[in-house]
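To start, the structure under review is shown below, and the notes come after it.
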Amino acid sequence: MSEQISQHVGLDIGTSRVVAARKNEEAESIESQLNAFVRLPHSKMTEASLGRENVPFSISDGHILVYGNESAALADLLGQEVRRPMTQGFLNSAEPASLEQIEEILSSVLTPGEGEDLSKTRICFSVPAAPSGNQESLTYHEATVRQVLEKLGYSDIRSINEGVAAVYAELEETNYTGIGVSCGGGLCNVALAYMSVPVMTFSIAKGGDFIDTSAAAVTGEMANRIRLVKEETFHFNGHYSDKVQQALTVYYDDMIQSVVQGLNDALRGSRQVPKMSRRVPLVLSGGGAMPEGFKARFERALQAANLPVPVSEVRLAKEPLHTTARGALVAALSE
Amino acid sequence: MKGERRLGVFVHSIIGMARQTRVPGRIAGAAVGLRASRIDDPVQRLRFLRRTVGDRCPWSPAVIRESGWWRGNRGKIAVAAAALLAWPVLEVSQGVSGFLSAVPVVSAKTGSIESYPNVWLLEAGAGSEVWSNGLRIERRFEVANQPSAFQAYPHRQDRPPVKMTAPVGIVYHTTESHLAPLEERQNKRLKIIGETLLGFIRENKAYHYVIDRFGRVWRVVRDTDEANHAGNSVWADGEYSYLNLNRGFLGVSVETQTAASGEETPATPAQIHSLKVLTEMLRSKYRIVAGNCITHAQVSVNPSNNQVGYHYDWAAKFPYIEAGLPDNYEKAPPAIWMYGFTYDPSLVTVTGARYWRGLLKAEVRLREDATAHGVGPEAYRKSLSQRYRALFGRMKSRAEASAEAKQKAMKESAE
């Protein structure tokens with residue numbers, strides 16, 4: 001079968017974004033969509049306008065469902081919250097349109113290339129580590145995503161843990177040994193790999209959504225607005241220009257402390273962790289790691305934690321939003 | 001291509017040695033690491049590592065180092081490592097793969113409709129555990145082993161194997177050890193024999209649980225770790241088949257002998273009660289389907305002559321009903337209808353009517369499946385056998401061979 005594979009795709013299915021990385025011969029390309037949608041009342045004029053602007057949408061039950069990147073701006077414009085096919089890393093069981101919308105969003109980033117035969121394309125998608133005691137969510141989520149991808153025409157479908165994907169994308173110079181941390185919308189995923197072998201993985205249910213909703217609750221703003229502020233202007237600098245900035249700093253710190261504490265507990269509690277003869281690097285990826293000052297904040301928390309596995313350096317991934325998809329692509333290529 | 005295969009074999013021999021004999025891992029790790037560092041292309045490098053190191057870490061600090069072995073073999077290791085480093089850089093081919101690449105880790109549940117007992121932990125101390133159904137587990141002989149991780153093979157052959165870690169079944173054994181008469185005046189002998197047996201089982205990490213003559217339940221190898229109890233073996237449920245059940249199936253052994261007496265079952269009433277409460281607890285804790293609770297005789301196979309029933313533990317007279325399970329002797333051994341194994345007619349003589357029903361069902365099913373595939377039974381059996389050999393060849397590591405040898409040695413010694 002492997003001789004027949006001609007295309008490879010890495011797919012990051014995150015709570016807030018879906019990113020596809022593909023490699024055709026030497027060229028690498030990235031497609032990305034917000035993993036969200038918003039419902040608008042149907043009218044011919046709206047439908048025509050969206051079509052003219054090439055905004056992806058579908059029509060259901062007399063409403064227009066706009067999904068992907070444009071949904072956030074439209075929701076902000078209309079004073080609505082976006083709806084999410086996924087929550088906390090997994091398919092959102094409370095969202096009735098979850099399956100239809102995830103299928104639409106996936107198909108929008110997985111547009112086949114000219115002459116591409118999907119049966120000869122190997123696709124590797126990211127999965128989170130199951131939160132403690134919630135293995136069933138992962139099983140259901142993974143099986144459902146496989147079904148959706150099969151429905152879209154793929155037959156060679158693989159999966160990879162999100163933290164491990166960060167290691168595969170960024171740590172080739174240490175023979176894929178190190179710690180990958182992916183700060184996503186729903187979860188922060190962490191993995192320790194030793195010479196490519198996932199030794200320990202876990203996830204913390206605190207990600208971008210946690211920061212948005214917590215900051216929204218204390219400031220009275222809508223979570224969608226908080227998210228836009230966070231992505232456009234927020235940075236750690238110790239000076240708070242307003243209450244939103246202050247709240248964001250507090251909940252970012254909470255997330256960092258939780259990840260570092262979880263990492264410390266997992267390393268101390270795991271019997272699988274090998275004794276490292278050298279210090280290992282830690283790579284930060286995901287949208288949550290992007291604010292200016294995040295890396296320094298994380299380093300400070302690590303130093304205070306005194307991890308049992310010594311860390312040589314903390315580095316920010318080259319393109320944090322694309323790291324998981326690139327790692328999944330590397331995994332697909334290396335199968 | 002020939003050079004690539006030789007490289008693959010060579011690297012595997014290093015890793016195999018590390019896995020099987022617990023060589024100090026830094027030597028093998030450094031050898032593979034340095035070898036990988038010489039591969040420029042990141043994808044090729046990752047492919048090399050994934051195919052040599054595999055899907056689990058062989059350098060677990062939980063591994064107990066055997067200094068005697070190391071002293072005796074360090075010269076060979078040094079030569080092998082040096083030769084490995086001197087090997088020219090080659091592209092790693094598909095053929096190098098011996099350990100399967102990372103596969104998804106999923107719950108051990110089968111998803112089938114099944115009722116499970118509801119048992120919970122009442123109290124736990126350093127020396128024992130008490131469970132809500134009255135089960136008491138003694139932990140004085142408890143020991144860790146390699147963490148259990150295994151592949152489950154979906155019935156649909158176009159699906160990739162699935163990596164699992166939680167137990168999905170129970171295999172019942174007999175210790176076949178020396179038995180003193182169960183009499184009050186034999187107390188001292190009974191205790192000495194029991195303690196010696198437990199020490200031996202602990203040393204060989206032979207079973208997860210032992211039920212002694214008095215019905216006491218001893219945990220020996222931890223549930224999360226593999227034990228050397230089943231060797232070459234095959235079982236299947238509604239979704240997956242499983243090969244070599246040391247991983248994924250918990251070994252529960254009853255201190256008794258198959259031919260101990262002419263009674264219906266060689267287990268004492270106290271042992272049967274313990275079998276029942278222990279099975280309830282394990283089924284409750286791991287959501288193990290009743291059909292995956294079976295005896296060693298039902299799962300044991302001999303790949304060298306392609307026959308089932310290599311081990312005879314509980315080939316008959318296992319008290320399924322009394323242990324709270326359906327009569328799983330009714331089950332057709334998957335080794336026959338899924339993987340083309342045959343059986344020696346003497347097995348029928350040994351097992352009697354109870355196991356015979358399952359054997360007969362397996363033969364009938366194999367013939368039906370052959371007809372459905374439009375081929376004769378023997379041609380179909382041959383194709384099944386080839387599939388088993390392909391899977392077996394892929395998964396059989398030197399570590400597993402070592403475990404099998406240990407188990408055999410233990411049984412022979414006990415006998």
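Any read-out appearing in this document is the output of simple, stated calculations on the displayed coordinates, not a laboratory observation. Treat the numbers as computed from the prediction; the structure is a model and nothing was measured. Cβ coordinates were reconstructed from backbone atoms using ideal geometry, including for glycine residues, and neighbour counts include every protein chain displayed.
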Problem - Nearby lysines by direct alpha-carbon distance to A:Lys295 (threshold 29 angstrom, same-chain neighbours under 8 apart not counted) - result: A:Lys206, A:Lys230, A:Lys243, A:Lys275, A:Lys318
Practice task
For the stretch B:222-305, build the convex hull from the C-alpha positions and give me its volume per residue in Å³.
Solution key: 128
Completion exercise
Binned at 5 Å starting from 0, the alpha-carbon pair-distance distribution of the stretch A:165-322 in whole percents comes out as 2, 10, 19, 22, 19, 13, 8, 5, 2, 0, 0
Problem - Charge dipole of the stretch A:127-243 about the Cα centre (unit charges at C-beta), most positive-ward option of A:Met222, A:Ala130, A:Gly208 - result: A:Met222
Problem - Under 5 Å, built H, 5+ apart or other chain: amide partners of A:Met86 - result: A:Asn92
Handout entry: Size of the stretch A:49-161 as Cα extents on the principal axes (Å, biggest first)
Key = 43, 38, 23
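What is the sum of charges around B:Ser383, taking Lys and Arg as +1, Asp and Glu as -1, for the other residues whose C-beta is under 12 Å from the C-beta of B:Ser383? If you can, show how the numbers build up before the last one.
Numbers: positive: B:Arg381, B:Lys382, B:Arg387, B:Arg389; negative: B:Asp369, B:Glu378.
Every neighbour counted, the sum reads +2.
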Practice task
Please check which bits of the stretch A:296-335 a label hung off B:Asp40 would reach, taking the label as a point 7 Å along Cα-to-C-beta and the cut-off as backbone N under 20 Å.
Solution key: A:334
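Considering the convex hull of the alpha carbon atoms of chain A, report its projected area averaged over all viewing directions, in nm², one decimal.
On the way: hull surface 71.9 nm².
Approximately 18.0 nm², given one-decimal rounding.
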Completion exercise
Stretched fully, the stretch from A:Asn264 through A:Ser93 gains (0.36 nm per residue minus C-alpha distance, one decimal, in nm) 58.4 nm
Handout entry: Mean-position separation - Cα centroids, the stretch B:273-301 and the stretch B:373-388, in angstrom
Key = 31
Problem - Residues whose placed amide H lies under 5 Å from that of A:Arg158, excluding near-sequence neighbours - result: A:Ile123, A:Cys124, A:Phe125
Exercise for the section: For the stretch A:193-198, take each phi angle, set θ = phi - 60°, evaluate the Karplus expression 6.51 cos²θ - 1.76 cosθ + 1.60, and give the result in whole Hz per residue in order, putting x for glycine and proline. Expected result: 10, 10, 6, 6, 7, x
Completion exercise
The simple spin-label model distance between B:Arg389 and A:Asp117, using points 7 Å out along Cα→Cβ, in nm, is 3.1
Problem - For A:186-198, mean number of other protein chain Cβ atoms within 10 Å - result: 4
Practice task
Counting helices only, and only those DSSP H runs with n ≥ 4, report the 222 nm mean residue ellipticity of chain A as the sum of -39,500 (n - 2.57) divided by its residues, in deg cm²/dmol to the nearest 500.
Solution key: -12500 deg cm²/dmol
